[in-house]
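Below is one structure, written out as structure tokens; the observations come after it.
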Amino acid sequence: MNIVIVGGGASGMTAAITAAEKGAKVTIIEHNDRLGKKILSTGNGRCNFTNLRMESDCFRGASPEFVETVLAQFTHEDAISFFENLGVLAKEKSGCVYPYSEQASAVLDVLRFKIEQLGVRVRCEEAVEDIFCKDQFVIKTNRGKYEADRLILACGGKAAPTTGSDGSGYVLAKAFGHRLKPTVPALVQLCGDDGIFHSVAGVRCDAKVTLFVDEKEVASDRGELQLTEYGVSGIPVFQISRYAAMALYEKKQPVVSLNFLPDFSDKQLFYYLLQRAVNQSWKTMEQFLIGMFPKKLAHGLLRKAGLSVMTKAEACSASAWKGLAELIMDYRVPITGTKGFEHAQVTAGGVDTEEIHGKTLESKLMKHLYFAGELLDVDGICGGYNLQWAWASGHVAGIHAAED
């Protein structure tokens, strides 16, 4: 079986290894100067390559059933075993699985070594210009022409374009008649300015972040929030960002609610502040909030609440405490944009999975055409899920392209 894979990222490399191990003759066409460039930036360079909690609710897209069908064929246990067989000793931290060396380069290296050992033909710095199918697929690039019995599109999305994700795969998919779901940045920072962010930039704190779209709660997450000059960042922001980006695309109004003390209920915090004021009545409001919040954040909250940092706690009315408590628990920030695909880790949206067989990842519109990776309308939350999708979808596409 002669297979051409367009895209030499995580899913394309896995598809190549799987198909070659089944005896197929495999060629990877990659427009970057080397394979797997995006892998090096995953997990802050440590490559969190899968997760022990692998549920469908960790993935987004139009069809959870489609995701489940693919993941069932290549589980997180399979991913760990796959990489251990390639030479990567794995270790786990809070469910996240890393190479023991905590170096993303180790994951990329063992994939490259295996591709070389299997005799997969690699063509880097080649851009696909046209693909058509007669009896076989004919792939024309800026440097030559290839023919294939089977074609796997594993071109990635639009996120992190400096690593080669330029959206060219969508053009190829559309040329075969496939529909695309709208594509927006995901796992990305959110922009919004309420007047104090410039003064609290750099603050990191535990918080619950809840997204409302047109006043309806859509998603929430808790973790380390990062306040910046342009808006909000951090893992909990990344986890909800695809919904905010999609709302902006649909011309709706996303708003995030920041809860800076998520361990309290509204009533608990109000009465806690009142009791604290009794015990520390002599303190200024600046002094009063020390031990609860970083100083820059305390100043910002007081300014937003209309309270002077020099006001004594004993001088605050019950309504002032109530207003401060409400602000701490529900700090609203209208979202005006995202930091874009340049800063996004993945793309939300892509090739409509209704037109793909979940069991094989073969196109329902074009026989012997397969899809893998971020090109499809599947994106995961932070924690190794997007790489697990790449390994799983690459494995499924590779094995069925080689066997069907």
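Quick note: the coordinates plus some simple rules give every number you see, no bench work behind them. In this text the structure is predicted, and so the values were computed from the model without any measurement. So basically every Cβ, Gly included, is an ideal-geometry build from the backbone, and we count neighbours across all protein chains shown.
As a calculated quantity, the FRET efficiency between Ile290 and Glu116 at R0 = 56 Å, using C-beta atoms, amounts to about 0.45. Projected label points at Cys205 and Lys367, each 7 Å from Cα along the beta carbon direction, are separated by 6.3 nanometres.
Round to a whole angstrom and tell me the spacing of the C-alpha centers of region 238-259 and region 110-179. Cα centres, region 238-259 to region 110-179: 33 Å. Between the helical axis of 318-329 and the longest alpha-carbon principal axis of the chain there is an angle of about 10 degrees.
Applying 1/(1 + (r/R0)^6) with R0 = 45 Å to the Cβ-Cβ distance of Leu52 and Val309 gives a FRET efficiency near 0.45.
Annotation: average projected area of region 63-182 is 10.2 square nanometres, based on the convex hull of Cα atoms across all directions.
Footprinting exposure proxy ranking of Arg179, Arg303, Arg150, fewest other C-beta atoms within 10 angstrom first, gives Arg179, Arg303, Arg150. Projecting the Cα atoms of Ser233, Leu302, Ala325 onto the charge dipole of region 189-339, computed from C-beta unit charges around the Cα centre, puts Leu302 farthest toward the positive end.
In sequence order, region 218-231 has phi-based couplings of 10, 7, 8, 7, 10, x, 7, 8, 10, 9, 10, 5, 8, x Hz under the Karplus curve 6.51 cos²θ - 1.76 cosθ + 1.60, θ = phi - 60°, and Gly or Pro positions carry x.
Shown for Cys191, Cys205: other C-beta atoms within 10 Å of each C-beta, ranked fewest to most, produce the order Cys205, Cys191.
For the chain, the longest principal axis of the C-alpha atoms and the axis of helix 76-86 are separated by about 60°.
Compute the signed sum of charges (Lys and Arg +1, Asp and Glu -1) over the other residues within less than 13 Å, Cβ to Cβ, of Ser265.
The answer is -2.
For the chain, the fraction of C-alpha pairs farther apart than 28 angstrom is 51 percent. With a simple spin-label model that places each label point 7 Å from the Cα along the Cα-to-Cβ direction, the separation between Gln275 and Glu355 comes to 6.1 nm. Dipole of region 32-179 computed with +1 at Lys/Arg Cβ and -1 at Asp/Glu Cβ about the Cα centre; of Gly119, Gly36, Leu71, farthest Cα towards the positive end is Gly36.
About the centre of its Cα atoms, the chain shows a dipole size close to 820 debye [charges on the beta carbon of Lys, Arg (+1) and Asp, Glu (-1) only; nearest 20 debye]. Using a ≥ b ≥ c from the Cα gyration tensor of region 1-121 (square roots of the eigenvalues), is it rounded, prolate or oblate, where a/c under 1.5 gives rounded and otherwise the larger of a/b and b/c decides, a/b for prolate? Because a/c hits 1.5 or more and a/b fails to exceed b/c, region 1-121 counts as oblate. Taking the number of Cβ atoms within 10 Å of each Cβ as an exposure proxy, the fewest-first ranking of Cys133, Cys58 is Cys133, Cys58. Farthest towards the positive end of the charge dipole of region 1-82, among the residues Gly61, Val6, Gly23, is the Cα of Val6, using unit charges on the Cβ of Lys, Arg, Asp and Glu.
The stretch between Val138 and His343 holds 70.3 nm of extra length on full extension. This uses 0.36 nm per residue minus the Cα-Cα distance. Couplings 3J(HN,Hα) for region 147-160, derived from phi with the Karplus relation 6.51 cos²θ - 1.76 cosθ + 1.60 (θ = phi - 60°), are 10, 8, 6, 9, 10, 10, 8, 9, 8, x, x, 10, 5, 6 Hz, where x marks Gly and Pro.
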